[in-house]
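Presented below is the structure to which this report refers.
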Amino acid sequence: MWQPAERKKHALPLVTWPTQEQAQRARWFSPCPLGPRTAQTRTWVPAMVPWRATEDGFVTDDVVDWYCRFAKGRPGVLVVEATGIRDVPSGPLLRIGHDRFVEGLSRLTSAVREASGGHTLLLIQLIDFLAIRRRPERTKYFARFLALTQAHRAALAQVTGDDSWRSAEDSAVRLALEAQPAEVLEKILSARELEDLSHGYRERVTDLHLPHIRELPQVLPGLFADAAERAIAAGFDGVELHYAHAYTMASFLSARNTRADGYGGAREQRVRLPLEVAAAVRARVSGRGVVGCRYLGDEVIADGNRVDDAAWFGVELARAGLDFLSISKGGKFEDAKQPKVGGSAYPYTGESGYECMPTIYSDERGPFARNVSLAATIRAAVRAAGLTTPIVTAGGICDPAAAEQALAQGDADFVASARQTLADPDWFEKVRQGRGAAVRRCEFTNYCEALDQHHKQVTCKLWDRLELTDPTVKLAADGKRRLVAPPDRP
Ligand SMILES: Cc1cc2nc3c(=O)[nH]c(=O)nc-3n(C[C@H](O)[C@H](O)[C@H](O)COP(=O)(O)O)c2cc1C
Ligand code: SF4
């Protein structure tokens, strides 16, 4: 993963854990209205993909166990991982693109409700993503994937000074291209073709020559609305529309979206599809469940959105009636590291990925509560527009005092913790009961994120080797790690 040049190692914040009385009075443990529901506390577990669904995207016992484990810590809101809205194969990622998925998801919502004693609102994150392929072997790329054109032939003829390439056999041209050194290929292939070769082919929302990309604005509102309908049927308290990171909807919002069909270019056009999706979803489920979105306070990539764009979008999304705005940062493909041959680009390997899940190897500012200012700017803009939409902040929060400060200053209405809650799913309860000293503290070195990158079942290094000989402990596919944290033993 990318790291700031300073690579300064930060110690975990010194925490003064609140007493039970202090915790009871804390804003973090006070209720907050969320659309048609009320969250009992302002604690929030954002989406985390654990790689536990079946290859066909169905809920498994391991999926149920994973969310029930979080539910036992009684967060105010728990968001189920990014779940695909289409009925297409997508490996062991949860899916909600057909009614056949509702039964398993219903099992999940019932189990979570019971595990939290009804204290936790359960949302599901709805995602659409575009096709991405593995980095090809060089030979295969030139033999099969490159769409050979007359322009390639002409460029080859020019750089070699040999005009016969203009009419040579396809196979000969392909072999000749494969033999060219990088500096020559740069003169022959387009920037996009060079990236297909070096990182693997990846669709963009700007690929208007592809009919299915051109038609995204016609197709996505219906797909998201259908998925939201299924989520409500399955018993979720609502949905979080995934408008963040490297995926389709974030790419529409992106300043890099140059679509010329009215859905790209100026901010007004970039936000158009996200608003149309939100309207379709609200028309279908509003009043029956919470409808919010997660999007980026800063894309972090060159020529991407900055917080002023995000604040403008926030006002538009809030005005459109969304019940919350959850603010994330970065996590883009554009600056992802080059994968190995046969591997896929992973959008959390570059600087934008670092900013999404910052580690203790950081710059002067360090990783803790690093992204709160983005939420604060967006919240201020939304409030200035006269709207009361709750704003959720996340990023390196592992200290109740930091959460309290963000709430007291009016930077956010909910404070979310992903990795700290993975490290200790009981930590909200421990803090609430004045047992903060017993919290297992996240070390922010991203072992969990590396597992996600390699599509392995996600666990935490602080507990996944504990009590492995207990026959009731379920192990990961590698047989070496337990799948959920040990129980809280006060
Ligand atoms: C293993 C893992 C999986 C994640 N999966 C998702 C996801 O499905 N959707 C999403 O919006 N964010 C996802 N995230 C990002 C987190 O929700 C969160 O924004 C990020 O980890 C920063 O918060 P933290 O510092 O509290 O961990 C994931 C993070 C981790 C560590
Ligand atoms: S694996 Fe590391 S970064 Fe991830 S939750 Fe555990 S301690 Fe935190």
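Just one of the numbered conditions (1) near ligand 2 (Cβ under 9 Å from one of its atoms); (2) free of Cβ contacts under 8 Å to residues at least 40 places away in the same chain; (3) surrounded by fewer than 19 Cβ atoms within 10 Å (Cβ to Cβ) is not true of T469: (1).
Pairing residues of region 225-252 that are over 15 Å from V79 (Cβ atoms) with residues that are at pLDDT below 95, at Cβ distances under 7 Å and at least 6 apart in sequence or on separate chains, gives A246/P347. One residue alone among E240, E276 is closer than 25 Å to R288 by Cβ, surrounded by fewer than 20 Cβ atoms within 10 Å (Cβ to Cβ) and under 22 Å from the mean Cα position of the chain (by Cα), and that residue is E276. Helices (runs of 4 or more DSSP H) fully within region 400-456 that include at least 1 residues being assigned by TED's automatic domain parsing to the domain that holds C68, away from ligand 2 (no atom under 16 Å from the Cβ) and not hydrophobic (A, V, I, L, M, F, W, C): 400-408, 427-432. For a quick check of your reading of the model, give me the residue pairs whose first member lies in region 438-455 and is aromatic (F, W, Y), whose second is near ligand 1 (Cβ under 9 Å from one of its atoms) and in a helix (DSSP H, G or I), with beta-carbon atoms closer than 9 Å and at least 6 apart or on different chains. Matching pairs, first to second residue: F444/R419; F444/Q420.
The values are calculated or read from the model by the stated rules, or taken from the named source; none is laboratory data. This one's a predicted model, so the numbers in the text were calculated from it and none came from an experiment. Note that each Cβ is placed from the backbone with ideal geometry, even for glycine, and that neighbours are counted across all protein chains shown.
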